[in-house]
Amino acid sequence: MTLAEILAGLFSQGHSVIVRDGLVTGGGPFAGGKVHVVGVDGDTPLGVDGALILSRAVLDAVRSGDKAPILVVVDSDSQRMSRRDELLGLNECLAHLAKALLLADRSGHPTIGLIYGHSAAGAFIATALATRILAALPGANPSVMDLPSVAKVTKLPLDKLQEMAKSTPVFAPGLDNMVAAGAVHVVLDPGKPLDGQIRDLIANLQPGDDRDRLGEERGGRPVARGIAEAVIAQAGRG
Amino acid sequence: MAGAHAASTDPDALSWYEATARQRVVALADPGSFEEFLPPTERRMSPHLPLFDLPRAFDDGIVVGRAKLDGKTVLVAAQEGRFMGGAFGEIHGAKLVGLLRAALTLKPAAVLILFDTGGVRLQEANAGETAIAETMRAIVDVRAAGIPVIGLIGGRAGCYGGGGLIAGICSRLAVSEGGRISVSGPEVIETNKGAEEFDSRDRALVWRTMGGKHRRLIGGADAFCADTVSAFRQAALDLIGRAPAFDLDTLEAEQARLESRIARFGDCRDATEIWARLGVNDPESVPAMDTRAFDETVSRVREADHDAR
Amino acid sequence: MESLTFRHTTKKPLPGSVPNAITGVVASGNLEILLERVLPPDACEVAIETPIAGYGPVWEAVVADFVARAQPGGLRISINDGGARPDTVSLRLLQGARLMEA
């Protein structure tokens, strides 16, 4: 699905969403109220400049006090890899964007991620993974690192990694594996109206962070939830 | 649940860079006060590394627990940069997430994170990446509850990838000369964009671009430490006392601070150009400055100290 | 990965009362050693996980030498090896025993 198709499916009465240099901002009327939209389109890498444009839009929404949901649409590359970005503090800018989204969520704006294309590494963490609930459309391709790069870093042959990827969701790229890890909560049905599915997600938002429970249930992160709870239990003693 | 004993060492003499994670924690805390959660004797080891024929560690490369700092209770996590580059695997990440969630009910005086990480452990990439996202949400929850989260960065693996993002979520950061904070590592940039974009073998360039002094001068870190455990302890105590609130005002201020940084320095090719514009008289001399001379230089840079984090 | 386990009988227990200790780090050319005082006072067990296969006899000799020198009765010793040389292994084992005697 393209961004234009997604927006058409969400906003039957029109919208003000614009895409400039791969950065998505705007909003539209939704379910008797409205929805803010921010994001990254067209497999664009996210650098310091883009991160601050998106965080500005999120903070403006929080300051408006309208408590409207914020939809974070993502088809990005990884973080922009450059000397300039690191010199200017890319870690601070990406963290700032994530903080803005987490603040919005705490301030009564439901935050929903929608990944419909690629995303990876720091860009994925600062956008889609900083929302309360992350939905995906079939065909989305989130990853930490592609397998050829994993092969390079781990010094393992690519064909061996490809073979392992079939049985081991914990390291392999792709939507199914991110669903199994609990990072992606739900895969939407492109055959059904999108607005209704997003409306249902917003209506059924749960408090807290349930990603480790999902990862355990789905088998992609078998031990994380138990470890976190064991730490909490030991910390509570003595 | 007595934690395993580690060699005790003198905090004034112990190099932060050279010390192991466990040595750092034991020497940082009030003597004898550290109590480890899920200590090595529990053998909570990675279920995934054997698939890659890689050795495991009894603590999965992170030490978490409770300690006293000047008599006050703090929760502490310390990454071991020498094991798998300190990277976030499933258990490693879940121990940090659990510690932060525990802080919400225990209400310690602070949570200290001793970063030493290359980012996500690729053999457990999806688990590591998701744990980083959970950690960031948990830190925000802890900060919003009024508990400072302080990052200490000076280990051999630096603070890269998702670790750099987590550092950016913390209330305050202390960094030493050897501490590097960045998202993409030098080798990653060079591999993807070529040596003309970033020559990873040029160590001086790496230190100028990502090192502790640059981060401190531009306000990316709040304290600069000599490479000793006692210097980091003193910085942690100081920073706990002046942690910014987590609210809209703070983030609006951070937005303005970062926008202004890019407007002023966005055309600079090298850190020395930025330092010159910040008003540093002899930018070329910064890398060789000792801690005292550097502190004096920082005290004249307005951008270095702020509550916009 | 290769797993090796060696069991020894010692002439005496290791002095001291420290219940457990850990030393070293799993890294290239290094290893971590976890020592626990959980066995009968005349028994010592050393269990090793190593990514470098085929060095069983070397490990056996290093462990036997350590047991003879330190008389680590009562200890279960667990090693995660990152490819350490025998002299490093000996050094760490003796360091570990000293921590337990404190």
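Just so you know, all these numbers are worked out from the coordinates, no wet-lab data involved. Since the structure is predicted, the reported quantities are computational estimates derived from the model, not experimental observations. Heads up, the Cβs are rebuilt from the backbone with ideal geometry, glycines too, and the neighbour counts pull from every protein chain shown.
Between A:Arg20 and B:Glu196, with labels modelled 7 Å along Cα→Cβ, what's the label distance in nm to one decimal, could you check?
Calculated label separation equals 3.1 nm.
What translational diffusion coefficient, to the nearest whole µm²/s, does region A:5-115 have by Stokes-Einstein, given a Kirkwood radius computed over alpha-carbon pairs, a temperature of 25 °C and 0.890 mPa s viscosity?
Numbers: Rh = 14.2 Å.
It diffuses with D of about 173 µm²/s by this estimate.
Would you calculate the separation in nanometres between label points at C:Ala68 and B:Asn281, each defined as 7 Å from the Cα along the Cα-to-beta-carbon direction?
6.7 nm
Relative to the Cα centre, what is the charge dipole magnitude of chain C, using +1 at the beta carbon of each Lys and Arg, -1 at the beta carbon of each Asp and Glu, and rounding to the nearest 20 debye? Provide the component values of the computation, followed by the final result.
Details: 9 positive and 11 negative charges, 69 e Å.
I would put it at about 320 debye.
Would you list, by chain and number, the lysines whose Cα falls below 30 Å from the Cα of B:Lys68, excluding same-chain residues fewer than 8 positions away?
Cross-link targets: A:Lys99, B:Lys95, B:Lys107, B:Lys213.
Apply the Kirkwood formula to region C:2-101: the hydrodynamic radius equals the inverse of the mean of 1/r over all pairs of different alpha-carbon atoms; give it in Å with one decimal.
On the way: mean 1/r = 0.0764 Å⁻¹.
Taking every pair of different Cα atoms in region C:2-101, averaging 1/r and inverting gives 13.1 Å.
Let me check I have the definition right: for the protein assembly as shown, take the eigenvalues of the Cα gyration tensor, multiply each by 5, take square roots. What are those semi-axes in whole Å, largest first? Write down the numbers at each step before the final one.
Details: eigenvalues 351, 165, 103 Å².
For the protein assembly as shown, the semi-axes come out at 42, 29, 23 Å.
In region C:1-78, which trypsin sites (Lys or Arg not before Pro) fall in coil by DSSP and have 14 or fewer other Cβ atoms within 10 Å? Walk me through the intermediate numbers first.
Working: sites: C:Arg7, C:Lys11, C:Arg37, C:Arg69, C:Arg76; in loops: C:Lys11.
Listed in order of number, the matching sites are C:Lys11.
Output needed for region B:186-304: three equivalent-ellipsoid semi-axes, defined as square roots of 5 times the C-alpha gyration tensor eigenvalues, in descending order, whole Å.
Working: eigenvalues 123, 78, 51 Å².
Sorted largest first and rounded, they come to 25, 20, 16 Å.
How many nm separate the modelled label positions at C:Asp42 and A:Val187, each set 7 Å beyond the Cα in the direction of the Cβ?
Roughly 6.3 nm, to one decimal.
If packing is taken as the mean number of other Cβ atoms within 10 Å per residue, what is the order of A:3-10, C:29-36, highest first?
Working: A:3-10: 17.9, C:29-36: 22.4.
In descending order of packing, they fall as C:29-36, A:3-10.
With the Cα gyration tensor of region A:94-162 giving a ≥ b ≥ c as the square roots of its eigenvalues, does the rule (a/c under 1.5 for rounded; else a/b larger than b/c for prolate; else oblate) give rounded, prolate or oblate? Mind dumping the intermediate values first?
Values: a/c = 4.32, a/b = 2.17, b/c = 2.00.
Prolate shape, in that a/c is at least 1.5 and a/b is the bigger ratio.
Can you list which of the trypsin sites (Lys or Arg not before Pro) found in region A:32-132 are DSSP loop residues with at most 15 other C-beta atoms within 10 Å?
Values: sites: A:Lys34, A:Arg56, A:Arg63, A:Lys67, A:Arg80, A:Arg83, A:Arg84, A:Lys99, A:Arg106, A:Arg132; in loops: A:Lys67, A:Arg80, A:Arg132.
Counting only loop positions with at most 15 other Cβ atoms within 10 Å, the trypsin sites (Lys or Arg not before Pro) in region A:32-132 are A:Lys67.
What relative contact order, as a whole-number percentage, does region B:122-241 give when Cα pairs under 8 Å and 6 or more residues apart are counted? Don't skip to the end; give the middle numbers.
Details: 168 pairs, mean separation 29.5, N = 120.
This gives 25 percent for region B:122-241.
Which listed residue (B:Ile132, B:Ser230, A:Thr168) has the Cα farthest towards the positive end of the charge dipole for the protein assembly as shown, taking +1 on Lys and Arg C-beta and -1 on Asp and Glu C-beta about the Cα centre?
The residue sitting farthest along the positive end of the dipole is B:Ser230.
May I ask for the angle, rounded to the nearest 10°, between helix A:224-236 and the longest principal axis of chain A, with both axes built from Cα atoms and the value confined to 0 to 90°?
So the helix axis and the longest Cα principal axis differ by about 90 degrees.
What is the helix-to-structure angle for A:158-167, meaning the angle in degrees between its Cα long axis and the longest Cα principal axis of chain A, kept from 0 to 90 and rounded to the nearest 10?
70 degrees
In whole Hz, what ³J(HN,Hα) sequence does region A:47-54 give by Karplus (6.51, -1.76, 1.60; θ = phi - 60°), x for Gly and Pro?
x, 4, 5, x, 4, 6, 5, 5
How much length is gained if the chain between A:Val153 and A:Leu205 is pulled fully straight, taking 0.36 nm per residue apart and subtracting their Cα-Cα distance, in nm to one decimal? Please report the intermediate quantities before stating the final value.
Values: separation 52, 0.36 × 52 = 18.72 nm, distance 3.84 nm.
Difference between extended and current length: 14.9 nm.
log10 I(q)/I(0), Debye, Cα-only chain B, no solvent, q = 0.08, 0.13, 0.15 Å⁻¹?
-0.33, -0.91, -1.23
Let's test the formula: R0 of 35 Å, r as the Cβ-Cβ distance of C:Leu94 and B:Lys68. What FRET efficiency results, to the nearest 0.05? Display every interim value, and only then the final one.
Working: r = 32 Å, r/R0 = 0.91.
The value I calculate is 0.65.
Give the average, rounded to an integer, of partner chain Cβ atoms located within 10 angstrom of each Cβ in A:201-214. Display every interim value, and only then the final one.
On the way: counts 0, 0, 0, 0, 0, 0, 0, 3, 7, 0, 6, 9, 0, 1.
Average neighbour count from other chains, rounded to a whole number: 2.
Stokes-Einstein diffusion coefficient for chain A at 37 °C in a medium of 0.692 mPa s, Rh from the Kirkwood formula over Cα pairs: what value in µm²/s?
Details: Rh = 18.6 Å.
Estimated diffusion coefficient is 177 µm²/s.
What does the structure give for B:51-60 when I average, per residue, the other chain Cβ atoms found within 10 Å of the residue Cβ?
Working: counts 5, 9, 5, 5, 15, 5, 7, 7, 4, 1.
Averaged over the peptide's residues, the number is 6.
Quick check: convex hull of the Cα atoms in region A:142-192, volume per residue, rounded to a whole Å³?
Working: hull volume 4.3 nm³, N = 51.
For region A:142-192, the hull spanned by Cα atoms encloses 85 Å³ per residue.
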